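For reference, the structure discussed in these notes is given below.
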Amino acid sequence: MQPVISVTNVSKTYAGGFTALRDINLEIRKGEIFALLGPNGAGKTTLISIVCGIVNPSTGIVTADGFDIARDYRRARSLIGLVPQELATDAFESVWATVNFSRGLFGKAPDPGYIERLLRQLSLWDKRHSKIMALSGGMKRRVMIAKALSHEPRILFLDEPTAGVDVELRRDMWEMVRELRRDGVTIILTTHYIEEAEEMADRIGVINRGELILVDDKASLMDKLGRKQLRLQLQTPIERLPDALASFQLELSDDGQQLTYSFDAQHDNTGIADLLRSLDAQGLDFRDLQSKQSSLEEIFVDLVRRKA
Ligand SMILES: Nc1ncnc2c1ncn2[C@@H]1O[C@H](COP(=O)(O)OP(=O)(O)OP(=O)(O)O)[C@@H](O)[C@H]1O
Ligand SMILES: [Mg+2]
């Protein structure tokens, strides 16, 4: 299947000489939710801005549904909705006017019914006559979302959509994103809330210092996440692992005081019960134990650190 967004060999060096992106290659599948993760300054917003035609790439080609974003700018852009990271909108306009005006910018005929549904869905209907400046931060962000959706785009970029948004609204937004996906909209989002990516995304991309260092299905990342460790502090240090324990994935610390058992948390039989029985049979007592699961967050931090 043809990707809905295709990024080929894209690099970006800003006017001051700073290289924000290096040779990015990425294909976004139609109808997926793709989460782009990375530390501050990694290049996420730069990449999104390039795809949306706000920043020019130094090298490379980007297409949206087959349209080159440089040569076929208007057609490519009309397919895309963008909720930018920075809130920028006309403070003195009303919500209703702003969102309807946005739709008009894309040459779409007015459709008050559609805009009403949109504002109701975003819990902004009661505020439709309010000036933007009279809204709270979270409401302003919702206005940005309404603007981004005003022209019924097939591809939606959400750059930090839930930064500064309360827990309940974040849940609502997740639900809305899922609904959009059910309608066939492709969604690309950036977030610093790793659990958001964990909850929402079909695929995850990690960008660090301008390089795309990983693109993977969430499910296969969850496999890595499924690894767990059990640590046992022994009552009395041992010199070596008894042969009877050879069948377990065990590691003995250098000082002989700690055993670390690695297992697959998603597996029904983790082997913990067997291990504890075997330890008992060997006369090995322990005085403490902890179990630890590597979260997506740890995998992420680890990845970024290792590449640094
Ligand atoms: N207009 C610009 N001119 C020069 N450098 C820029 C410009 N915009 C961004 N940069 C630099 O490019 C790098 C990437 O910035 P970008 O905004 O893409 O990061 P980001 O991954 O979105 O970070 P954050 O998580 O903080 O939003 C940063 O070092 C930033 O300082
Ligand atoms: Mg950013």
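Every number in this text was worked out from the coordinates using simple rules, so none of it is lab data. A quick note: this is a predicted structure, and the numbers were derived from the prediction, not measured. Heads up, the Cβs are rebuilt from the backbone with ideal geometry, glycines too, and the neighbour counts pull from every protein chain shown.
The table below lists the values:
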| quantity | calculated |
| --- | --- |
| Inter-probe distance in nm under a simple model that places probes 7 Å from Cα toward Cβ, at Ser94 and Glu27 | 4.8 nm |
| Choice from Leu124, Leu259, Leu79 showing the highest fluctuation, given a GNM over the chain with Cα pairs closer than 10 Å | Leu259 |
| Placed amide H near Val83: partners under 5 Å, 5+ positions off or other chain | Phe157, Leu158, Asp159 |
| Cβ charges +1 (Lys, Arg) and -1 (Asp, Glu), total dipole of the chain, debye | 1520 debye |
| Whole-number percent relative contact order across the chain, with pairs defined as alpha carbons under 8 Å at least 6 apart | 19 percent |
| Estimated FRET transfer efficiency (Met133, Glu239; beta-carbon r; R0 41 Å; 0.05) | 0.05 |
| Positive-pole candidate from Gly104, Pro161, Leu252, dipole of the chain, charges at beta carbon | Gly104 |
| 10 Å Cβ shell holding at most 15 others, DSSP loop, trypsin sites (Lys or Arg not before Pro): longest site-free stretch of the chain | 109-239 |
| Segment Tyr73-Glu168, extension gain: residue separation times 0.36 nm, minus the distance between their alpha carbons | 30.5 nm |
| Distance violations [Cα-Cα > 28 Å] among Lys44/Lys140; Lys30/Lys131; Lys108/Lys140; Lys140/Lys292 | Lys30/Lys131; Lys140/Lys292 |
| The chain - share of DSSP beta bridges that are antiparallel (%, nearest 5) | 70 percent |
| Cβ charges +1 (Lys, Arg) and -1 (Asp, Glu), total dipole of region 242-281, debye | 100 debye |
| GNM flexibility winner over the chain from Gly205, Gly43, Gly283 (Cα, springs under 10 Å) | Gly283 |
